[in-house]
Amino acid sequence: MTVTPKWRCFRTELYNFPMYDISLERSVLEPHGIQVESVDMDAPDAFDRVAPEADAILHLRGVLAAEHIAKLTRCRIISHYGTGVDRLDVAAATARGIWVTNGPLYAVDEVSSHAIALLLVVARKIIIDDRAVREGRWHIPPVIPLHRIAGKTLGMLGLGNISRATARKGRALGLTVIAYDPYLDASVFEREGVRAVDFATCMAEADFLSVHLPLTDETRRMIDREALARMKPGAILINTSRGGVIDEDALVEALRGGRLAGAGLDVFAQEPVPTDHPLLQLPNVVVTGHIGFYSEESREQMRRDGAEQVVMALQGKVPAFLYNRELLAAR
């Protein structure tokens, strides 16, 4: 049955970086009278032209700055597809009374598995040995020294959904897990079997440090020279959250100087990362191209979750994944 559209929703995209068609979103939204179209954020003034007509925004690609949000004169919700919302001005949306939602659940398994995979690949020097075997160098000399993983300490910066899943997988490898997250109640740590520590202790005690932080003014370059200097000699750093959390120049120095044994990085301060970036030149660094979130299943869940937040908002319900929850006080 065809439903007459009551609302208009626009999905922000970069047409020169196509990822998904819009059929799934339409299958969720159109039965509820929500017409959905895409808008190219690379096209001059394209967003400005449609913004006054938008009842909702599905934020897939591009940046939604304050000047964009100011043009959303009738918008009720910005539904961001990912977990981190650093590509949109949440404060500007909140000031206009626009709900912002994100996707906190769609890639919990994928990112946590990716973090553990990077840990294992770096710790066991898999890439180094792969290259050695291809060059005719056989057996253990190319990877000396290797150390046992079980019994070591996994430090977590942040203890959200993904970090908790990573901690559970780490414990299955025989790791003791500690975490720094000043915003959580002690009961969360107890329930997850994780010891709560302060930032300095987490940096100092971790044999493997896994970063699970959003990029905010508070966390930007949080892992700087001083923080890296606290780490154990021979420790390994894993980052599957946001590249801007780490001072990459300081990380290069720590790796070149031998303080850290290695790093596994899925994210960088600039993406795509330049091919001449110093981190890409180091043999003890394993990199991937911001793919930790990806599986066919997570991609479908991300899109469906995002569309369902729009339905809830336009029907007058509080979205399940509301990010700027301070707006609830104004209801």
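Quick check: residue separation of D198 and L173 times 0.36 nm, minus the Cα distance between them. What number comes out in nm?
The D198-L173 span can extend by a further 6.6 nm.
Pairs of lysines 8 or more apart, or on different chains, with alpha carbons under 20 Å: count those in the chain, would you? The partial results should precede the final answer.
Details: K6/K317; K125/K152; K125/K169; K125/K232; K152/K169; K152/K232.
Here the count comes out as 6.
Roughly speaking, what is the stretch gain from L120 to R148, that is 0.36 nm per residue apart minus the C-alpha to C-alpha distance, in nm to one decimal?
On the way: separation 28, 0.36 × 28 = 10.08 nm, distance 1.08 nm.
Result: 9.0 nm gained on full extension.
Taking K and R as +1 and D and E as -1, what net charge do the other residues with C-beta under 12 Å from the C-beta of F17 add up to?
Summing Lys/Arg as +1 and Asp/Glu as -1 gives -3.
Under a plain spin-label model, where a point goes 7 Å from the Cα along Cα-to-Cβ, how far apart in nm are R49 and D130?
Rounded to a tenth, the inter-label distance reads 4.5 nm.
Just to verify a number: FRET efficiency for F17 and L105, C-beta to C-beta distance, R0 = 35 Å, to 0.05? Intermediate values should be presented prior to the final figure.
Values: r = 25 Å, r/R0 = 0.70.
After rounding, the FRET efficiency stands at 0.90.
May I ask you to compute the full-extension gain from R259 to T73, defined as 0.36 nm times their residue separation minus their alpha-carbon distance, rounded to one decimal in nm?
61.7 nm
On C-alpha positions alone, give me the angle between the axis of helix 108-123 and the longest principal axis of the chain, in degrees, nearest 10.
Its long axis makes an angle of about 20 degrees.
State, to one decimal in nm, how far the label point of T4 lies from the label point of S187, with both points 7 Å from Cα in the Cβ direction.
With each label placed 7 Å out from Cα toward Cβ, I get 5.0 nm.
Within 10 Å of each residue's Cβ, count the other Cβ atoms and sort S112, S27 from fewest upward.
S27, S112
Values quoted throughout were computed directly from the atomic coordinates according to the rules given, and no laboratory measurement underlies them. The model shown is predicted, which means the values in this text are computed figures rather than measured ones. Because the Cβ atoms are built from the backbone with ideal geometry, glycine has one as well, and the counts that use them run over all protein chains shown.
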